[in-house]
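Below is one structure, written out as structure tokens; comments come after it.
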Amino acid sequence: MIKVFIQNESESNQKHLHNEKRLEQQRTVTVSRPYPYPYGFILDTTSDDGDNLDCFVITKQPLKTGMSVECDPVALLEQVEDGQEDHNILTVLSGKNQEISQDVISTIRDFIAHVFDHVPGKQISTGRLLPQEAAEVYIATCLDT
């Protein structure tokens, strides 16, 4: 189980930028596509880009910006943004059995491919979808100590 801070709500094209270590909202920008699922970051982690680990919470339940929720990791979706590794952890709310179907994965991949269409020169791509075990190992290597 991990704690996820919800940064962006599903069905919204508002991206809230936070100081991820202090959980302080800094500003909000509009992106090219609405988020298909609640999106945020895993608390008490630091990835290679210096930010917390990014994650999607696969749920139909509305989660509001600023909430922290307990989740279980279910997969890791490889992503490269402007030449830098910036993977996404796919999670579900703890205790929920939410299927991660091919439609869910396709929706997330399409979102990632087009969320920054408004930013000239932005390069972003997704790679392999790795299983729960890979997500857990990746999270463990990024835990703040």
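We did not get these values from a lab; they are worked out from the coordinates using the rules stated. If you're wondering where the values come from, they're calculated on a predicted model, not measured in any experiment. All Cβ positions, glycine included, derive from the backbone under ideal geometry; neighbour counts span all protein chains shown.
Annotations for the structure displayed:
- In this Cβ point-charge picture (+1 for Lys and Arg, -1 for Asp and Glu), the chain has a dipole of about 500 debye about its Cα centre.
- Contact order normalised by residue count of region 2-142, Cα under 8 Å, 6+ apart, percent: 25 percent
- Sequence-distant aspartates and glutamates (8 or more away, or on other chains) whose Cα lies within less than 17 Å of residue 21: 44, 48, 49, 51, 54, 144
- Pairwise Cα inverse-distance average, inverted: Kirkwood Rh of the chain (Å): 15.2 Å
- Excluding exposed DSSP-loop trypsin sites (Lys or Arg not before Pro) (at most 14 other C-beta within 10 Å), longest clean stretch of the chain: 23-59
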